[in-house]
Amino acid sequence: MSDQLQNIITPLTYQLGGLSLDDGLEMISRDFVGRTTFSSSFSYEDQVITHALLSRRLPVKIFTLDTGRMFAETYSVWSSTNDRYNTSIKAYYPNQEHLEAFIEENGPNSFYASVDNRKNCCYIRKVEPLKRALAGNQVWITGLRAEHSPSRHDLQQLEWDEGNQVIKYHPILHWSTEDVIDYIRKYNVPYNPLHDRGFVSIGCAPCTRAIRPGEDFRAGRWWWEDAEKKECGLHSN
């Protein structure tokens with residue numbers, strides 16, 4: 001099955017070329033009925049895609065990864081999104097035994113102590129739950145944008161995720177920040193108010209801060225680490 005999925009990426013990319021957000025999502029959801037899922041962190045980008053999916057009632061499953069250490073504002077926009085679209089976004093949680101053992105051995109804030117500790121925390125709270133969420137699916141829709149990181153500039157809208165054995169689809173990869181904000185305002189989409197306070201990339205509360213003028217998009221994530229090490233394992237790019 002994985003070979004078959006990889007072989008259709010090129011023709012699918014050709015078919016998606018030039019399609020709008022709505023048309024692209026409709027095509028993917030139609031071609032992979034029951035096998036398409038979308039992961040939301042309730043960021044600006046993810047709220048754009050959520051609106052596009054739910055306002056048109058496309059058959060795509062939406063889930064989030066509740067790490068247990070998210071901002072109160074994130075839970076609030078999760079709730080307001082459920083209310084606005086009359087939906088119930090499914091949550092995946094860390095494995096209880098693994099998390100308890102990790103905290104007992106290392107403490108609740110050990111991610112500040114070393115990159116290895118932080119990556120182990122990310123794996124338990126995000127990567128392993130993601131694998132459960134993606135199991136049985138063929139397409140994983142994401143809110144990745146090229147502006148977010150230099151390593152994402154060369155991404156294609158469709159790519160193969162070897163670790164999770166799914167096609168990744170980035171429908172707003174080439175949108176600018178202004179495009180995203182304009183969409184949010186146009187359709188009055190619920191969004192995380194932390195964005196108004198300088199938070200660009202919003203993750204776990206202990207690991208996220210607002211960025212300063214002139215700083216890189218990712219400067220607010222794991223700011224105590226060297227730039228080249230700042231990834232959590234959800235996306236290899």
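For the stretch 75-100, the candidate set comprises residues that are closer than 15 Å to Val48 by Cα and of a type in the set (Ser, Thr, Tyr); within that set, the residue that is surrounded by the most Cβ atoms within 10 Å (Cβ to Cβ) is Thr81. Would you confirm whether or not the stretch 153-176 contains a residue that is outside any loop (DSSP other than H, G, I, E, B), of a type in the set (Val, Ile, Thr) and at pLDDT 95 or above? Yes, because at least one residue in the stretch 153-176 is outside any loop (DSSP other than H, G, I, E, B), of a type in the set (Val, Ile, Thr) and at pLDDT 95 or above.
Counted as qualifying within the stretch 36-134 are the helices (runs of 4 or more DSSP H) with 3 or more residues that are among the β-branched types (Val, Ile, Thr), namely 44-55, 72-85. Given the criterion at pLDDT below 95 and of a type in the set (S, T, N, Q), identify the matching residue among Ser114, Ser79. Sole residue among the options that is at pLDDT below 95 and of a type in the set (S, T, N, Q): Ser114. Could you go through the stretch 39-52 and let me know if any residue there is of a type in the set (Asp, Glu), buried (at least 17 other Cβ atoms within 10 Å of the Cβ), out of contact with any helix residue (DSSP H, G or I) (no Cβ under 8 Å at 6 or more places or on another chain) and touching a residue at least 12 places away in the same chain (Cβ under 8 Å). Taking every residue of the stretch 39-52 in turn, at least one turns out to be of a type in the set (Asp, Glu), buried (at least 17 other Cβ atoms within 10 Å of the Cβ), out of contact with any helix residue (DSSP H, G or I) (no Cβ under 8 Å at 6 or more places or on another chain) and touching a residue at least 12 places away in the same chain (Cβ under 8 Å). Only one of the numbered conditions (1) surrounded by 13 or more Cβ atoms within 10 Å (Cβ to Cβ); (2) modelled with pLDDT under 95; (3) in a helix (DSSP H, G or I) is not met by His235, and that is (3).
Residues that are closer than 18 Å to Leu65 by Cα, acidic (Asp, Glu) and touching a helix residue (DSSP H, G or I) at 6+ places or on another chain (Cβ under 9 Å) do not occur anywhere in the stretch 92-115.
Among the residues making up the stretch 182-199, those that are touching a residue at least 24 places away in the same chain (Cβ under 8 Å) and either over 19 Å from the mean Cα position of the chain (by Cα) or surrounded by 15 or more Cβ atoms within 10 Å (Cβ to Cβ) (or both) are Tyr183, Ile184, Tyr187, Val189, Pro190, Tyr191, Asn192, Leu194, His195.
In the stretch 177-206, the residue that is modelled with the highest pLDDT out of those that are small (Gly, Ala, Ser) and closer than 25 Å to Ile124 by Cα is Ala205.
The values are calculated or read from the model by the stated rules, or taken from the named source; none is laboratory data. Not measured: the values here are computed from a predicted model. Here the Cβ is made from the backbone with ideal geometry for all residues, glycine too, and neighbour counts use every protein chain on show.
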